[in-house]
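Just below is one structure, and these are the notes that go with it.
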There are 2 protein chains.
Amino acid sequence: MDFKKMLANDRVKPYLLKARYGIEKESHRVDQSGNLAKTDHPKSITLKDDHPYIQRDFSETQMELITPVTETVEDLFNYLAAIHDVAYRSMDDEMLWPLSMPPQLPEDEEDIVIAKLENVENVRYRQFLSQSYGRRKQMVSGIHFNFEFGKELVQALFRSQSEIEDYQQFKAEMYLKVTRNYLHYRWFMTYFYGASPQSEKNFFEDDSLNETVRSIRASKYGYANSDDVQVSYSSIRNYILDLASMVQRGLLSEEKEFYAPVRLRGGRHVSDLEDHGVQYIELRNIDLNPFERHGISEEQVEFLHLFLLYLLWKDEGDHCDEWVKMGDSYNEIVALEHPLARTQFEVEADKMIDEMEQLVEILDLPVSDMLFVHLREMLMDPSKTLAGKLYKENEKSSQSLVATLIAKENYKKSWEKPYQLAGFTDMELSTQILMFDAIQQGVQIEILDRQAQFLKLKLNDHIEYVKNGNMTSKDNYVSTLIMENKTVTKKILHQHGFRVPKGEEFQTIDQALQSYHLFSTKPFVVKPKTTNYGLGISIFKDGAKEEDYLKALTLAFKEDHSVIVEEFMKGTEYRFFVLNDQVHAVLLRIPANVKGDGKHTIEELVIEKNRDPLRGRDHRTPLETIQLGELENLMLKGQGYQMDSILEKDVIVYLRENSNISTGGDSIDVTDLIPDDYKKIAVDAVSALGVKICGIDLIIEDTEVPATDKNAYGIIEANFNPSMYMHVYPYKGKSRRLTMHIIQYLFPELLQSQDSKFIKLGVPLAKREFTMVPC
Amino acid sequence: MDFKKMLANDRVKPYLLKARYGIEKESHRVDQSGNLAKTDHPKSITLKDDHPYIQRDFSETQMELITPVTETVEDLFNYLAAIHDVAYRSMDDEMLWPLSMPPQLPEDEEDIVIAKLENVENVRYRQFLSQSYGRRKQMVSGIHFNFEFGKELVQALFRSQSEIEDYQQFKAEMYLKVTRNYLHYRWFMTYFYGASPQSEKNFFEDDSLNETVRSIRASKYGYANSDDVQVSYSSIRNYILDLASMVQRGLLSEEKEFYAPVRLRGGRHVSDLEDHGVQYIELRNIDLNPFERHGISEEQVEFLHLFLLYLLWKDEGDHCDEWVKMGDSYNEIVALEHPLARTQFEVEADKMIDEMEQLVEILDLPVSDMLFVHLREMLMDPSKTLAGKLYKENEKSSQSLVATLIAKENYKKSWEKPYQLAGFTDMELSTQILMFDAIQQGVQIEILDRQAQFLKLKLNDHIEYVKNGNMTSKDNYVSTLIMENKTVTKKILHQHGFRVPKGEEFQTIDQALQSYHLFSTKPFVVKPKTTNYGLGISIFKDGAKEEDYLKALTLAFKEDHSVIVEEFMKGTEYRFFVLNDQVHAVLLRIPANVKGDGKHTIEELVIEKNRDPLRGRDHRTPLETIQLGELENLMLKGQGYQMDSILEKDVIVYLRENSNISTGGDSIDVTDLIPDDYKKIAVDAVSALGVKICGIDLIIEDTEVPATDKNAYGIIEANFNPSMYMHVYPYKGKSRRLTMHIIQYLFPELLQSQDSKFIKLGVPLAKREFTMVPC
């Protein structure tokens, strides 16, 4: 088949870069000094052998991070970053070793701890590997890159030819060609991206083997099957037969022991390839890139994608098995070259770069020019290859020190904004935290609509959809509509015997004026039926004159066509977060404020307070920075201050009337301080509304007074989709990991399968001291 | 206690007119000739003795309509009108007799059929009454008016005095005073509103008794207890003791046989009054007002309210039981006066009108001046009283003929717009129909928010909330959010193996332009992610040039910041209404159109088509009137027509591109024509979304082709809160009573307790002929 012609076909072209990607990345847990961790795999990560994101490979220290299959490189790296964040923040002060070659190993290889997996078979297999290959070799880590040509591309290619009538067969031929060429030309990749030039102590039993090369891992010193293991790539049938024969002859214990640099994938077993066809290929010979936080760069993936297209395009040799074998020896040569030596295949490599560039031009592919600039640079100057770069760094001190420093840098980065989930920082904070928890718990996430914060969560066959962090299938539709409607909420709560502000709804100013006498002498509030950011609300704490009432009505009717006039309740407003008939958090919100020290101006105090890493903008941090705008100035003026007033020691000045977190307010967790009887009121009220996930606001004048007392409390409103992050990362007080509760509520089976006490927060909030602030 | 002073207290005044009302109204079912119906109580009304809205009183023909308790007179009449609508449209061509005196009775009173109630005790009691009083007297009908002073008013009055310390006792004294005065002065009401001057044949066994008076019903000839039955109103205790003694002495079979013109109410039994206090009073001596469709006028209720306040205000006589007894004889005198005679109590009556007017002035009550104008007119001219008016009408022909004509008029009115529910015509049509069905089924309705179409439905202890007709507790929250999001809906349906238009979502024009080649040669559509009324949608049936694609994108991005470009599917769009895994209706919507007759212009044809009573404006009728605006003109022009073109016979001209019912489109029920395999697709797709109530739109090219065929169908969108009225009242085809299905889905217990085949539609759509219209 003439793939050169087929790829250039106009009906094929639109789909050339359609593909699906997946990465598996191994690396070892080490302590802050760069020593192999002596601890078990973190218990905060759900322990299961088939965890979709974070597993153990050979040893207990060898973490394997697995991205889901993605359709864009961007998504691939988003997930890779996110899973790294979860891995880092699930460990106790441990780091990930950034090199393919492991850190110093124990003298006695028996001291290398095999992964403590659940399934006995899995442990037994690792014991078998120890015996066959020794434990040291199994400690080498790397990246597996899973790649599938887009379905539309394969279909378009299939339709552009008439040689092969069967679609599956056609697809198999496509992947076989790529595989053979990959095996033949993989030295090309080893040159640029090989990155295991040196080993640490105790890797080689015989230290004399310890030469400096481009890639120990890609050479015969990495782990590879014995030379007797030979498999034909001439056809799927032969591939399957050969593998079966290797297993039968005892050269392989089972199929998965076949350590080829590339595997054909499809179905669970190799034999399934014949029925299911080839679905994708797995490239296994990629060293960890020490200079990338996540072990591989986007440019590398761009290269791999282009390289595979190129290998499909490029003619291959006649005798295919020989062609593959030639590749093995070429690769061995390049892998064992000195990292600073120019390669023996320089001319050939140069030609291949040219060809790839031509291909980009012919097929009009949107590939970055920089890729070729970098490849040529590396070809001309070996010290710019990964192996070369690392070796030069190592020369300054030692590889072990270099790796430890890199690991420390990566560790620091992942704790810098511990409330964020890398790769998804554009999403709402509550959704980011929920995704963090899902990854940690081994619940699969799929983003159905990123802008809409719409997630699909999956655990085995159990699917749950979640929007904005806590809009779920657990709540019924009409209950959320009840909460959306203040009048209806109040009516229903009142009918169930709860105290709500007495009031009336009006559609016109005249109507409202007629009822003036019902409110005139009492504390009352005038507000639009629906309002944002408190616009149009007037509070009269001791009744009002009719003219002031009229003014308030006019203001309110500007915001909505329905206006509510109701009793004003005195006391402090608390937000109760109720989930499935339980109060999981109670929060006090306090208007933006600063506390004086007798030395600094208010402005300086604000600037200082805003330095808190929890403060930022646009709801992408747990707290918002305090503004110093018109409203804040007015508010200060009303209290006899200016921006440059020096605030007396311990005096608190408020910069806002409203206590919204979005305008710089402080969130203070008071869950443990609120008596149970008030919590019961919250739970019962939420239950009366038929709601499962709710943020309900209670005004309480004095929490010491029993909730059963007349007028002890009033319910202001019930909120569907209540904010969660402000409870998870409060300004003061204990963190309440509500997102985790949501996940466990959606997937109760999680709690059955693990000891829930190991669920811990990804952020050390304990440092923050709690003090109750008067309001 | 000085109620005069107390009522004028400033703290009392705001609440003076706060009250709660309820009406029970009896009237007989008659045939179109005005003869007592020989049929059973309509089976379409749920048969239960304690139906909250429509019961039977003494006889099987005697319908009792019961309003819920309301807090405004307006609401009271809304419910009264609605319940009348349901009663009328639940009967087979029967009418309601508008007079208190029954139509001609059977010669043998044994032929009067006692109500066939479920509970044997209830039947037995009626048999006992037949024996004690004769069946004829039990056939007299009237109105019971339940009245409660507003809680705030009673509390304010209580606080304004210090004589009585116990609140319940105070309230009892209040109601006792009103009751005694009511019994003393009720002649006043009998004069104005007595309306049973004459009886029909066979009412009196002895025809010599048949005199013409103001109110037979209010006189000794109405049903009343024997003279031995005497009860003291001096205190609650005495009242209870006397009643108990009457029962003990066998003068009454049980408490409810006590036929006083007013009853003190509170708790289930009279004895409960002592523990629970008096809750309200029931006025029982109100004749049906023949000149009001619903038996009583709003002015009468305004009068009653004011009269009761007046009786609270007005001093009473010293010896209270004597005072009450005097009232009995005064009333007897007035009731037996000739309807055209001036009353013996004219001077006293005139003084009372003056006093009531003074009261209004002193207390600054917003009572209409017209009430007093009318009272004075009636006092001066007895022919203007209800009895006088009826008598004068009767003189022209006969009372029987007059009543039959009135009944016919009322009957006609209630069938005029059979899709509406009187009293609630401002609400959405689907909600009106749902309320109709709820009333018929004996499910209690409470309107929580009228503008928001928010209902509370209650059957025994089972409560369900419903918004906009079908937003209920049965659907889960996230499923409705899925449906709200086209991209997410498509993804999930696709993941479940359903065919949806392939497409992509874009946030910028540039992004979308890059994907031009993916669509360029195929039928495709460009549309804003969310859109109303089809704005911003462009359809390219055979691909598009890049410049046209750009234009379409520009249009779409004007409507939303997200734009979808997707495959355009050819075929006809059908709306499947799925409820609880069952397709209950399939509808074809056709753009506004007219069909030529070779004689009339398009404009004339439109005017003619708009005469259909199902057409109107603003979604308050099942179909909208076809407009003749700019868009319609353009559309005609495109087809070579003008408004004044005479359309050839049988030619159909479309006036719109879109098939929305809201722009004059036709709705055609095709439920029985759609093959089951497509219905299964609809059900399965809705189930995949986790939805219970859904309108799902399928494009089908040819319903003859099996749904399993490739590309046989495509799912366009799934709608939560799908319109129901268009299925209940289609332009053509069978009516599908979806609202009833919703009620039965919410209250499955309804189906257990009755034979559901009796559920029938309130509108005879059978007249409409069904023809399939090609699209």
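No lab work stands behind these numbers, since they all come straight from the coordinates. Just so you know, these numbers come straight off a predicted model, no measurement behind them. Methodologically, a virtual Cβ is constructed for each residue, glycine included, from the backbone with ideal geometry; neighbour enumeration extends over all protein chains shown.
Quick one: which of A:490/B:417; B:220/B:351; A:522/A:732; A:116/A:389; B:201/B:408 span more than 31 angstrom between C-alpha atoms?
Details: A:490/B:417 35 Å; B:220/B:351 27 Å; A:522/A:732 35 Å; A:116/A:389 36 Å; B:201/B:408 21 Å.
The pairs that break the limit, which is 31 Å between Cα atoms, are A:490/B:417; A:522/A:732; A:116/A:389.
If each label sits 7 angstrom from Cα along the C-beta direction, how far apart, in nm, is residue A:617 from its counterparts in the other copies?
Those label-point separations list as 4.9 nm.
Based on the Cα atoms of the range A:572-735, what semi-axes does the equivalent ellipsoid have, where each is the square root of 5 times one gyration tensor eigenvalue, given in whole Å with the largest first?
Values: eigenvalues 207, 60, 34 Å².
Taking √(5λ) for each Cα gyration eigenvalue gives 32, 17, 13 Å.
If you put +1 on each Lys and Arg Cβ and -1 on each Asp and Glu Cβ, how big is the dipole of the range A:376-451 around its Cα centre, in Debye rounded to 20? Walk me through the numbers on the way to the answer.
Numbers: 10 positive and 11 negative charges, 92 e Å.
Using only the charged Cβ atoms, the result is roughly 440 debye.
Evaluate the Debye formula for the range B:81-165 with equal point scatterers sitting on the alpha carbons, no solvent, and hand back log10 of I(q)/I(0) at q = 0.19, 0.23 Å⁻¹, in q order, two decimals.
Relative scattering, expressed as log10 I(q)/I(0), comes to -1.04, -1.29.
Sequence neighbours fewer than 8 away in the same chain don't count; with that in mind, list the aspartates and glutamates whose C-alpha is under 18 Å from residue A:43.
A:31, A:57, A:60, A:64, A:85, A:92, A:93, A:94, A:118, A:437, A:749, A:755
Just to confirm the numbers: residue B:381, label point 7 angstrom along the Cα-Cβ line, distances to the other copies in nm, shortest first?
For residue B:381, the inter-copy label distances come out at 11.4 nm.
Net charge near residue A:445: determine it from the other residues with C-beta under 9 Å of the C-beta of residue A:445, scoring Lys and Arg +1 and Asp and Glu -1.
Details: positive: A:456, A:458; negative: A:446.
Summing Lys and Arg as +1 and Asp and Glu as -1 gives +1.
Pairs of Cα atoms under 8 Å, at least six residues apart: use those to get the relative contact order of the range A:502-567, whole percent. Walk me through the numbers before you get to the answer.
On the way: 122 pairs, mean separation 32.3, N = 66.
Relative contact order for the range A:502-567 comes out at 49 percent.
So what is the relative contact order for the range A:572-735, in percent, with contacts set as C-alpha pairs under 8 Å and at least six apart?
On the way: 331 pairs, mean separation 53.0, N = 164.
That works out to 32 percent.
Name the aspartates and glutamates eligible as straight-distance cross-link partners of residue A:710: C-alpha to C-alpha under 13 Å, and not fewer than 8 places from it in the same chain.
Once the sequence-local aspartates and glutamates are set aside, what remains near residue A:710 is A:701, A:702.
For chain A, what does the relative contact order come out to in percent, with C-alpha contacts under 8 Å and a separation of six or more? Kindly include the intermediate steps, with their values, before the conclusion.
Working: 1442 pairs, mean separation 93.0, N = 775.
This gives 12 percent for chain A.
Hey, for residue A:651 with labels 7 Å out along Cα-Cβ, what do the inter-copy distances come to in nm, ordered shortest first?
In ascending order, 8.8 nm.
List the pairs from B:474/B:558; B:541/B:609; A:558/A:692; A:474/A:679 whose alpha-carbon separation is above 25 Å, in the order I gave them. List each step's numbers first, then the result.
Working: B:474/B:558 36 Å; B:541/B:609 32 Å; A:558/A:692 34 Å; A:474/A:679 21 Å.
Pairs exceeding 25 Å: B:474/B:558; B:541/B:609; A:558/A:692.
State to the nearest 20 debye the size of the charge dipole of the range B:439-535 about its Cα centre, where the only charges are +1 on K and R beta carbons and -1 on D and E beta carbons.
Values: 13 positive and 9 negative charges, 72 e Å.
Around 340 debye, computed over the range B:439-535.
Based on other C-beta atoms within 10 Å, arrange A:271, A:297, B:199 from fewest to most.
A:271, A:297, B:199
How large is ³J(HN,Hα) for each residue in the range B:272-280, as worked out from phi by the Karplus curve 6.51 cos²θ - 1.76 cosθ + 1.60 (θ = phi - 60°), to whole Hz, x for Gly and Pro?
5, 3, 5, 7, 8, x, 7, 9, 6
What is the Cα convex hull volume of the protein assembly as shown when expressed per residue in Å³?
Numbers: hull volume 360.0 nm³, N = 1550.
Cα convex hull per residue, to the nearest whole number: 232 Å³.
Place a +1 charge on the Cβ of each Lys and Arg in the range A:15-121 and a -1 charge on the Cβ of each Asp and Glu, then give the dipole magnitude about the Cα centre in debye, rounded to the nearest 20. Write down the numbers at each step before the final one.
Details: 10 positive and 23 negative charges, 110 e Å.
About 520 debye.
By DSSP, what percent of the beta bridges with both residues in the protein assembly as shown are antiparallel, rounded to the nearest 5? Walk me through the numbers before you get to the answer.
Details: 160 of 170 bridges.
Around 95 percent of the beta bridges assigned by DSSP in the protein assembly as shown are antiparallel ones.
Give the order of A:338, A:319 when sorted by the count of other beta carbons within 10 angstrom, beginning with the fewest.
Numbers: A:338 15, A:319 11.
Listed from fewest to most nearby Cβ atoms, that is A:319, A:338.
Across every pair of different alpha-carbon atoms, what Kirkwood hydrodynamic radius in Å does the range A:3-416 reach? Walk me through the intermediate numbers first.
On the way: mean 1/r = 0.0455 Å⁻¹.
In the range A:3-416 this quantity evaluates to 22.0 Å.
From the phi angles alone, apply the Karplus equation (6.51, -1.76, 1.60; θ = phi - 60°) to the range B:581-597 and give each ³J(HN,Hα) in whole Hz, x where the residue is Gly or Pro.
Running phi through 6.51 cos²θ - 1.76 cosθ + 1.60 with θ = phi - 60° gives 6, 9, 7, 9, 6, 10, 10, 10, 10, 10, x, 2, 7, 9, 10, x, 10 Hz.
Sum -39500 (n - 2.57) across every DSSP H segment of at least 4 residues in chain B, then divide by the residue count to get the 222 nm mean residue ellipticity, nearest 500. Walk me through the numbers on the way to the answer.
Details: 26 runs with 290 residues, N = 775.
After summing the helix terms and dividing by the residues of chain B, the value is -11500 deg cm²/dmol.
Just how far, in whole angstrom, is the range A:254-292 from the range A:151-182 if you go by their alpha carbon centroids?
Their Cα centres are 18 Å away from one another.
Could you give the angle, 0 to 90 degrees to the nearest 10, between helix A:386-396's Cα long axis and the longest principal axis of the Cα atoms of chain A?
80
Taking the alpha-carbon distance from residue B:486 and a cut-off under 17 Å, which lysines remain once sequence neighbours fewer than 8 residues away in the same chain are dropped?
A:456, A:467, B:502, B:527, B:529
Hey, if you put +1 on the Cβ of every Lys and Arg and -1 on every Asp and Glu Cβ in the range B:572-738, which of B:579, B:706, B:646 ends up farthest toward the positive end of that dipole?
B:579
Output the Kirkwood hydrodynamic radius of the range B:502-567, Cα pairs only, in Å rounded to one decimal.
Details: mean 1/r = 0.0890 Å⁻¹.
It is 11.2 Å.
Counting Lys and Arg as +1 and Asp and Glu as -1, what is the net charge of the other residues whose Cβ lies under 14 Å from the Cβ of residue A:151? Present the calculation step by step, with values, prior to reporting the outcome.
On the way: positive: A:18, A:20, A:159, A:171, B:502; negative: A:71, A:148, A:152.
Taking every Cβ under 14 Å from that of residue A:151, the sum is +2.
With θ taken as phi - 60° and the coefficients 6.51, -1.76 and 1.60, list the Karplus ³J(HN,Hα) couplings across the range B:95-108 in order, rounded to whole Hz; mark glycine and proline as x.
10, 10, 5, x, 10, 5, 6, x, x, 3, 9, x, 4, 8
Do any GluC sites (Glu not before Pro) in the range B:17-99 lie in a loop, going by DSSP, with at most 14 other beta-carbon atoms within 10 Å of their beta carbon, and if so which? Spell out each step's value before the answer.
Numbers: sites: B:24, B:26, B:60, B:64, B:71, B:74, B:94; in loops: B:60, B:71, B:94.
Answer by residue number: B:71.
List the residues whose amide H sits under 5 Å from the amide H of residue B:232, counting only those 5 or more places along or on another chain, with H placed 1.01 Å from N in the peptide plane.
Here the answer is B:242, since their amide H atoms fall under 5 Å of that of residue B:232.
Can you sort B:100, A:253, A:430 so the residue with the fewest Cβ neighbours within 10 Å comes first?
Numbers: B:100 28, A:253 14, A:430 24.
Sorted ascending by nearby Cβ count, the order is A:253, A:430, B:100.
For A:483-489, what's the mean count of beta carbons from other chains sitting within 10 Å of each residue's beta carbon?
Values: counts 0, 2, 6, 1, 5, 8, 1.
Mean shielding by partner chains, rounded to a whole number: 3.
Which cross-chain or sequence-distant (5 or more) residues have an amide H under 5 Å from the amide H of residue B:465, H modelled 1.01 Å from N in plane?
The list, which skips near neighbours in sequence, is B:457, B:473.
Can you list the residues, at least 5 places off or on another chain, whose amide H is less than 5 Å from the amide H of residue A:286, using H built in the peptide plane?
Excluding prolines and chain starts, which carry no amide H, the hits are A:143.
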